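The values are calculated or read from the model by the stated rules, or taken from the named source; none is laboratory data. These numbers were taken from a predicted model, which means no experiment stands behind them. A quick note on method: Cβ atoms are made from the backbone with ideal geometry, for glycine too, and the neighbour counts reach across all protein chains shown.
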Amino acid sequence: MPEMTIKEWAAACRADNEAEREMLKQELPRIPKGSGALRYFRLCEFLSRLSPDAGQVFADERRRHYLDLEERMRKAAKRLGYDFPN
């Protein structure tokens, strides 16, 4: 992989952030309130039936990921003028 300068890296990050912002701008109005959390918990329940220790193995990592994603979506919603549900 070629080395990137800090300016190149920052430009790539800006492009990624802009693409994510545009995706969120399109997707946020279509996501029903609470559906993301409901889908996450249903997935956890399904995985725990497949393997009794699956929930323990991945719970902390997935919880952190979900909370981070929720915070990013809240920030994006606020920036785009949408009211994110509590």
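Close Cβ contacts (under 8 Å, 6 or more residues apart or on different chains) running from residues in region 15-44 that are more than 12 Å from Met73 (Cα to Cα) to residues that are of a type outside the set (D, E, K, R) and in a helix (DSSP H, G or I) comprise Ala37/Tyr66; Tyr40/Tyr66; Cys44/Gly55; Cys44/Ala59.
In region 46-84, which residue that is among the aromatic types (Phe, Trp, Tyr), surrounded by 11 or more Cβ atoms within 10 Å (Cβ to Cβ) and in a helix (DSSP H, G or I) is nearest to the chain's Cα centre (by Cα)? If we take residues in region 46-84 being among the aromatic types (Phe, Trp, Tyr), surrounded by 11 or more Cβ atoms within 10 Å (Cβ to Cβ) and in a helix (DSSP H, G or I), then Tyr66 is nearest to the chain's Cα centre (by Cα).
Looking only at region 11-45, count every residue that is among the small types (Gly, Ala, Ser) and either at pLDDT 80 or above or not in a helix (DSSP H, G or I) (or both) and tell me the total. Total meeting the criteria: 5.
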